[in-house]
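Structure in structure tokens, see below.
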Amino acid sequence: MTGGTGVLGRTIVQALLDAGANVALVVRNRSKAESVLAEMPSKDKAIIVEGDVLKKDDLQGALETVIKTFGRVDCLVNGAGGNDPRATTRQDLSFFDLPEDAIRFVFDLNLLGTIVPTQVFGKQMVEQGEGVILNISSMSAVRPLTRVVSYSAAKAAVNSFTQWLSVHLAQEYSPRIRVNAIAPGFFLTEQNRFLLTEPETGKLTARGQSIINHTPMGRFGEPQDLIGTVLWLLSPASAFVTGVVVPVDGGFSAFGGV
């Protein structure tokens, strides 16, 4: 799994370990990954593999370590992603002044950070003839949100890539290689906390309150809310499911606002 040290990622890692899976965390920061694993009650089947999701050579080395340790790759969870405040519009930063490097960073991290690991680990699945790829999208890909223009567009591209790849792999290589995505609704993470809560008080910002008002279940998601959908999509229980983006959003995408 990439992105396994974030708020949502670490919950997915723990769920996989609890289910008895062998888990390889592909990370740039080993010390952070070690700290995350240290907090987990069951971690004996987890390894940390260093690798940058934007560097194919790094990931090829990571794959070799995974194969040497576990023998095969059954699933790939592309969890690397996030936003950059410099690529987010605000009162003192208009869309027309967003810096190119910030926009490029967000696209690279979310889109290339999904495609490049898939090229490396997905090729191993082709050789095996089976496997499951799960991409982490976002509600902002389904319903583009104000301000986060780069993030919304990049995640929308992840959705398109998910659908394209599901067809490509099934038709060209094996129908037993499935590709899906989940689109989490609003969870408090390291990337969006500055938009949804006041740093001084922890109270909801106007944006945060608006999100709650437009979420029929009336709350932010808890990381554990993702587990059932993730395990379903990674397991044989969804053997006839490919090319879908499943919202886990408390009804946000279904609510028309009135």
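For the pair Met217/Asp57, report the inter-label distance in nm, with labels modelled 7 Å from Cα in the Cβ direction.
Computed distance between label sites Met217 and Asp57 equals 4.5 nm.
Give the longest segment of the chain that steers clear of GluC sites (Glu not before Pro) in DSSP loops with at most 16 neighbouring Cβ atoms within 10 Å, not counting the sites themselves.
In the chain, the maximal stretch lacking such sites is 40-129.
Between Lys43 and Leu188, what length comes free when the chain is fully extended (0.36 nm per residue of separation minus the Cα-Cα distance, one decimal in nm)?
49.7 nm
Using alpha carbon centroids, what distance separates the stretch 208-258 and the stretch 125-177, in Å?
Answer, in whole Å: 16.
Given 0.36 nm per residue, what is the gain on full extension from Leu204 to Phe95 after removing their alpha carbon distance, in nm?
Roughly 36.8 nm would be gained on extension.
Okay, next question. Counting other Cβ atoms within 10 Å, keep those with at most 13, restrict to DSSP loop, and tell me which trypsin sites (Lys or Arg not before Pro) in the stretch 176-205 are left.
Of the trypsin sites (Lys or Arg not before Pro), the ones in loops of the stretch 176-205 whose Cβ has at most 13 other Cβ atoms within 10 Å are Lys203.
Using the 10 angstrom Cβ neighbour count as an exposure proxy, how do Arg219, Arg207 rank, fewest first?
Arg219, Arg207
Full extension from Ser35 to Phe255: what is 0.36 nm times the residue separation minus their Cα-Cα distance, to one decimal in nm?
75.3 nm
On to the next question. Rounded to the nearest 5, what % of DSSP beta bridges with both residues in the stretch 72-252 are antiparallel?
Looking only at bridges with both residues in the stretch 72-252, the antiparallel portion is about 10 percent.
Given [x] 7, 26, 29, 18, 9, 6, 4, 1, 0; [y] 7, 30, 37, 20, 6, 0; [z] 7, 34, 40, 18, 1 as candidate values of P(r) over Cα pairs in 10 Å bins from 0, in percent, which corresponds to the one derived from the coordinates?
[y]
On a 29 Å Cα-Cα criterion, which of the cross-link pairs Lys123/Lys155; Lys45/Lys123; Lys45/Lys155 come out too long?
As for pairs spanning more than 29 Å Cα to Cα, those are Lys45/Lys155.
Say each of Arg28 and Asp74 gets a label point 7 Å from the Cα, pointing the same way as Cα to Cβ; how far apart are those two points in nm?
3.1
No lab work stands behind these numbers, since they all come straight from the coordinates. These numbers come from a predicted model, not from an experiment. Cβ atoms come from the backbone with ideal geometry, glycine included; neighbour counts cover every protein chain shown.
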